[in-house]
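What follows is a set of notes on a single structure, which appears directly below.
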Amino acid sequence: MDRISIIQSLINANNYSSYLEIGVNRGYCFFNIKCKNKTGVDPRFEIPLWRKWLYIFKNTCNINNNYIEKTSDDFFKANKNSFDIILVDGLHTFQQSYKDIINSMQVLNQNGYILIHDCSPISAASAQDVESINEAKKHPEYEGDWSGAVWKSIIKFRQEYPNIFTAVIDTDHGVGIIAPHMKSTKQLSKNILLDQLHYSDLENNRKELLNLMSIQEYQSYLNHLGQ
């Protein structure tokens with residue numbers, strides 16, 4: 001199970017009709033999602049026209065796609081729409097990922113979900129809080145993966161919104177899930193200082209810091225939705 005199947009499972013379980021993706025790039029996730037109305041936001045799309053047509057044939061939901069070539073900040077400033085489900089997968093810095101989460105909260109429909117990719121980095125090199133993958137590649141231990149400092153956004157959100165259900169599903173580099181309509185049962189201490197947190201702290205206390213959820217636990221939750 002990866003972020004695509006998680007998003008699709010929530011769309012199917014709740015009969016959602018509107019999907020927003022922040023950070024589309026080549027469209028790996030965006031094109032595969034089946035939802036009536038899909039909006040993709042990216043400051044620079046890397047999708048040739050032939051690829052758009054190809055994925056219309058593969059997934060007819062793509063015929064109504066709305067492509068917005070803006071930074072997420074500019075998009076949220078101008079946006080007038082709301083969405084049932086949102087994926088945050090844009091710039092992987094702590095500051096920007098947290099801003100994207102907070103802005104997503106403002107346009108999320110009642111009973112909606114926010115999903116966040118890259119919340120559980122696999123190494124110190126992949127957890128660098130830098131502005132681009134090219135900067136991340138300069139790390140001597142870089143091995144082809146960059147999740148950035150999105151994990152810190154999950155911790156900050158849990159501290160600032162302790163009553164909102166927030167967890168990270170332990171798959172696909174960590175898929176964060178925020179459900180404003182659900183109460184949190186596991187709260188995080190505000191005494192944890194983000195500017196003093198290092199990857200080693202995450203490695204030693206990943207389950208508690210991220211409220212890590214196994215795939216089996218997520219599937220059990222999903223089954224409960226269908227009852």
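Find the residue count for segment 103-116, including only residues that are over 22 Å from LYS36 (Cβ atoms) and either surrounded by 24 or more Cβ atoms within 10 Å (Cβ to Cβ) or modelled with pLDDT under 95 (or both). Total meeting the criteria: 1.
Listed here are the residues, each with its yes/no results for (1) on the phi < 0 side of the Ramachandran plot; (2) in contact (Cβ under 8 Å) with a residue 60 or more places away in the chain; (3) outside any helix (DSSP H, G or I).
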residue: LYS138; (1), (2), (3): yes, no, yes
residue: TYR142; (1), (2), (3): yes, no, yes
residue: SER153; (1), (2), (3): yes, no, no
residue: ARG158; (1), (2), (3): yes, no, no
residue: VAL168; (1), (2), (3): yes, no, yes
residue: GLY176; (1), (2), (3): yes, yes, yes
residue: ALA179; (1), (2), (3): yes, yes, yes
residue: SER189; (1), (2), (3): yes, no, yes
residue: LYS207; (1), (2), (3): yes, no, no
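To keep it simple, each residue is scored yes or no on (1) surrounded by 21 or more Cβ atoms within 10 Å (Cβ to Cβ); (2) aliphatic (A, V, I, L, M); (3) touching a residue at least 24 places away in the same chain (Cβ under 8 Å).
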position: PRO43; (1), (2), (3): no, no, yes
position: ILE47; (1), (2), (3): no, yes, no
position: TRP53; (1), (2), (3): no, no, no
position: ASN59; (1), (2), (3): no, no, yes
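Taking the listed residues ASP145, ASP118, the one that is under 27 Å from ILE215 (Cβ atoms), under 16 Å from the mean Cα position of the chain (by Cα) and of a type in the set (Asp, Glu) is ASP118, with no other qualifying.
Does THR185 fit the bill of being out of contact with any helix residue (DSSP H, G or I) (no Cβ under 9 Å at 6 or more places or on another chain), of a type in the set (Ser, Thr, Tyr), in contact (Cβ under 8 Å) with a residue 12 or more places away in the chain and not in a strand (DSSP E or B)? Let's see the steps before the verdict.
Working: out of contact with any helix residue (DSSP H, G or I) (no Cβ under 9 Å at 6 or more places or on another chain): yes; of a type in the set (Ser, Thr, Tyr): yes; in contact (Cβ under 8 Å) with a residue 12 or more places away in the chain: yes; not in a strand (DSSP E or B): yes.
Yes: the conditions hold for THR185.
Restricting attention to segment 121-142 and to residues that are among the acidic types (Asp, Glu) and either under 20 Å from the mean Cα position of the chain (by Cα) or within 30 Å of SER17 (Cβ to Cβ) (or both), the residue that is surrounded by the most Cβ atoms within 10 Å (Cβ to Cβ) turns out to be ASP129. Is it true that some residue in segment 34-41 is without any contact (Cβ under 8 Å) to a residue 40 or more places away in the chain, basic (Lys, Arg) and out of contact with any strand residue (DSSP E or B) (no Cβ under 8 Å at 6 or more places or on another chain)? Yes, segment 34-41 has at least one match.
Within segment 94-114, the residues that satisfy the criterion of being touching a strand residue (DSSP E or B) at 6+ places or on another chain (Cβ under 9 Å) and in a helix (DSSP H, G or I) are SER97, ASP100, ILE101, ASN103, SER104, MET105.
Taken residue by residue, segment 20-35 has at least one member that is of a type in the set (Asp, Glu) and in contact with a helix residue (DSSP H, G or I) (Cβ under 9 Å, 6 or more places away or on another chain). Of the strands (runs of 3 or more DSSP E) lying entirely inside segment 1-93, not one contains at least 1 residues that are closer than 23 Å to LYS152 by Cα, of a type outside the set (Gly, Ala, Ser) and more than 15 Å from the chain's Cα centre (by Cα). The residue that is surrounded by the fewest Cβ atoms within 10 Å (Cβ to Cβ), counting only those in segment 175-227 that are in contact with a Ser or Thr (Cβ under 7 Å, 6 or more places away or on another chain) and polar (S, T, N, Q), is SER184.
Within the set ASP74, ASP2, ASP100, the sole residue that is of a type in the set (D, E, K, R) and buried (at least 22 other Cβ atoms within 10 Å of the Cβ) turns out to be ASP100.
Of the residues GLN128, GLN219, only one is at pLDDT 80 or above and assigned to a helix (DSSP H, G or I); which?
GLN219
The values are calculated or read from the model by the stated rules, or taken from the named source; none is laboratory data. Owing to the predicted nature of the structure, the values given are computational and were not obtained by experimental measurement. Please note: Cβ atoms are built from the backbone with ideal geometry, for glycine as well, and neighbour counts cover all protein chains shown.
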